[in-house]
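The values are calculated or read from the model by the stated rules, or taken from the named source; none is laboratory data. The structure presented is a predicted model; accordingly, all values stated were derived computationally and were not measured. Here the Cβ positions follow ideal geometry from the backbone for every residue, glycine too, while neighbour counts run over all protein chains shown. These accessible areas exclude ligands, DNA and RNA; they are computed on the full protein's heavy atoms, side chains included. Shrake-Rupley method; radii C 1.70, N 1.55, O 1.52, S 1.80 Å.
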Amino acid sequence: MTLLDYARGPVIQAALVIMIAGIIWRLLGVLVLTRAADLSRPRDAFGNFKGYRTVFSRAWPSSEFLTATRYQTVMAYVFHLATLVVVIGIVPHIEFIQGLTGASWPGLPNGVGVACGIIALASLVALIMRRLTKPAVYCSTWGDYFAWFVVAMPLVTGLMAFAHLGPRYETLLALHILAAALFFAWFPFGKLMHAFWFVFSRAQSGIAYARKGVQI
Amino acid sequence: MSKEISLGGFLRSQGISRRAFLGFCSTLASAMTIPSGMIEVMAKTLEQTRRPAVIWLSFQECTGCTESLLRSHAPSIESLIFDFISLDYHHTLQAASGSAAERAREETMHRHAGEYLVLVDGSVPKIRHYSTIAGVSNLDMLVETAAGAAAILAVGTCSAYGGLPKANPNPTQALSIGEIIKDKPIVNIPGCPPIPLAITGVIAYYLTMGSLPPLDHLGRPLAFFGENIHDRCYRRPFYDRGLFAESFDDEGARKGWCLYKLGCKAPETYNACAHVKWNQGTSFPIQSGHGCIGCSEPDFWDRGGIYTSTPQGRFDSELSLTLAASLGVVVGAGAAVLARRKKHRVEQELADEASAPESQTST
């Protein structure tokens, strides 16, 4: 079995199994937990509604924090949007998703995918540079750096595979799939789970603040 | 078997002009990345070359490799070179049969010990009685014949890597030549069938240079298997522009767009199909409208379906992912139940601790 067969066979399968089982495990494990009832009188009759609204309103920082957080907010948006285009826009990824789900849609030209991949990688580098140069702001743990690594590797190997940089194409493709497998397998257990948690954490914070009459 | 005639004399006797022969040498030198300054030397050496003795062994095969070389549209210099070699033993082509045929092989082995080339097509069954020739198993015949060979050319994917006979579940326990013979130089010329120029090219290189050509990590001559078909494919611009045939009869297929989505294995297949082509450069599978099936790669029969595209996973996604989701539900529900129990236990302990001082106070 070649490295490519190994990567797109048992490795990616195991990674997807870990990811799906892990996501459901963590979501259920947290969401089924109950919180103690808050017996205080709510100061805002529409607290719950305002709390849910927070999920969207916190998509951009409040004006008080804008100056301090503009750089990483913009970079994070650039990274997420460019990565989204790469993940769902280029044909090899659509083919992979179609193999899993049966769903398919028209793909983008390779040039667009490569441009977005480079933008995503550049923004990711910009974000890690800020983290490295401002340790007092971030108080980073190894989990932060590892999460960055597992996100950066699929981008690096994907761009290398497309450009045929370094080893032979099928080796680079295998490395790209292995990098994606690492991403999938690590997804439920690190900070990448923010893809799900951000909805619940924002809503929970919003509901709690609204109940106490905090302007949100 | 004459050893007097030279290749130059033989080609002239077949009506091949020196200009045409030099043209062939230029093509071959170009294909095999031999420096242009060597063309004249190559032509001179080839012209003066005496007939090399060759034993062609056919084991678990379909004869497609031989047909590929022989059934050209018109006689080519490649096929004439093939005619030129002293093919002392070949099941399909030799006139002799039975013990006379086997005697020819043994005579060649004896007379040209250490000098003859062995060309093999077909894989070798490890279970000896599954394939025999004149009562001799393929395995024993290969080992016996290879012992005195100067070099071995494994022609076709079956002999190079096991091919179709080795496909899962491999009922004959088929082996490639390289898995059996370890002490002789082996050149793999895979393909189902291989490109004729790759076969004669390696023979011509050997006759000219006196050595085997540079090989890749799978034992294939780099000159013919150094680049993947995707990079050389004339449909590559459509791939880059995101234009694909979605089925074999849609507009994309009619317009000649990329066949990547239809399972074309060109991105992971190394062969000269896209630039050398077949039938004197007329066409190759992708040009005729079907994706590459990756026939020059090891185990290509077992690397997913012919119509499964390169990036698609090779596993049963529906079953495994459903099981994964079920596992997640069970583990997640279990974790939640345990956490709630712990929470209630802690609440109870705190309540007990809170009530204990009151009871002590009251007494």
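Show me the chymotrypsin sites (Phe, Trp or Tyr not before Pro) within region A:120-151 that DSSP assigns to loop and that have at most 13 other Cβ atoms within 10 Å of their Cβ.
When the chymotrypsin sites (Phe, Trp or Tyr not before Pro) of region A:120-151 are filtered for loop state and at most 13 Cβ neighbours within 10 Å, nothing remains.
So how strong a dipole does the protein assembly as shown carry about its Cα centre when Lys and Arg Cβ are +1 and Asp and Glu Cβ are -1, to the nearest 20 debye?
2040
How much of residue B:344 can a 1.4 Å solvent probe reach, expressed as accessible area in Å² and rounded to 10?
Taking all protein chains as shown, residue B:344 has close to 100 Å².
I need to check one value: relative contact order of chain A, counting alpha carbon pairs closer than 8 Å and at least 6 residues apart, in percent.
Relative contact order here is 41 percent.
At 222 nm, what value in deg cm²/dmol follows for the protein assembly as shown if DSSP H runs of at least 4 each add -39500 (n - 2.57) and the sum is divided by all its residues, to the nearest 500?
-17000 deg cm²/dmol
Can you find, among B:10, B:290, A:124, the residue farthest towards the positive end of the dipole of the protein assembly as shown? Put +1 on the C-beta of Lys and Arg, -1 on that of Asp and Glu.
A:124
Just the number, please: buried accessible area between A and B, total of both chains, 1.4 angstrom probe, nearest 100 square angstrom.
Chains A and B together bury roughly 3400 Å² of accessible area.
Hey, got the average number of other protein chain Cβ atoms within 10 angstrom for residues in A:160-167?
For peptide A:160-167, the averaged partner shielding equals 1.
Would you mind classifying region B:227-310 by shape? Square roots of the alpha carbon gyration tensor eigenvalues, ordered a ≥ b ≥ c; an a/c under 1.5 is rounded, otherwise it is prolate if a/b is larger than b/c and oblate if not.
oblate
Just to confirm, what accessible area per residue do you get for chain A at 1.4 Å probe, in whole Å²?
That works out to 56 Å² for each residue.
Please state the charge dipole magnitude for chain A, taken about the Cα centre, from unit charges on C-beta atoms (+1 on K and R, -1 on D and E), reported in debye and rounded to the nearest 20.
With only Lys, Arg, Asp and Glu charged at Cβ, the dipole is about 960 debye.
Could you work out the mean projected area of the convex hull around the alpha carbons of chain A, in square nanometres to one decimal?
Its average projected convex-hull area is 15.0 nm².
If a/c stays under 1.5 just call it rounded; otherwise compare a/b with b/c (prolate if a/b is bigger, oblate if not). Do that for region A:5-67, with a ≥ b ≥ c from the square roots of the Cα gyration tensor eigenvalues.
oblate
Need one value: the accessible area of residue A:44 in square angstrom, 1.4 angstrom probe, rounded to the nearest 10.
Rounded to the nearest 10, the figure is 30 Å².
Could you tell me whether region A:38-132 comes out rounded, prolate or oblate from its Cα gyration tensor? Rule is a ≥ b ≥ c as square roots of the eigenvalues, rounded for a/c under 1.5, then prolate if a/b exceeds b/c, otherwise oblate.
The shape class here is oblate.
Determine the distance separating the Cα centre of region B:167-224 from the Cα centre of region A:147-216; give it in Å without decimals.
If we compute the Cα centre of each part, the gap is 44 Å.
For region B:50-224, what does the accessible surface come to per residue with a 1.4 Å probe? Please give it in Å².
Accessible area per residue, region B:50-224: 38 Å².
May I ask you to derive the relative contact order of region B:78-149, considering only C-alpha pairs under 8 Å and at least 6 residues apart, and to give it as an integer percent?
Reported relative contact order: 28 percent.
Give, rounded to the nearest 20 debye, the magnitude of the charge dipole that region B:227-310 has about its Cα centre when Lys and Arg contribute +1 at Cβ and Asp and Glu contribute -1 at Cβ.
That gives region B:227-310 a dipole magnitude of about 280 debye.
Considering only B:233, B:264, B:301, whose Cα is most displaced toward the positive end of the charge dipole of region B:207-305, charges sitting on Cβ of Lys, Arg (+1) and Asp, Glu (-1)?
Positive-end residue among those listed: B:233.
Determine the share of the protein assembly as shown's accessible area contributed by carbon and sulfur atoms, expressed in whole percent, with a 1.4 angstrom probe.
Ligands and nucleic acids excluded, carbon and sulfur give 62 percent.
Could you compute how much accessible surface residue B:248 exposes when probed at 1.4 Å, giving the result in Å² to the nearest 10?
100
For chain B, modelled as a Gaussian network with Cα springs under 10 Å, which listed residue fluctuates most, B:294, B:252, B:201?
Result: B:252 has the largest fluctuation of those listed.
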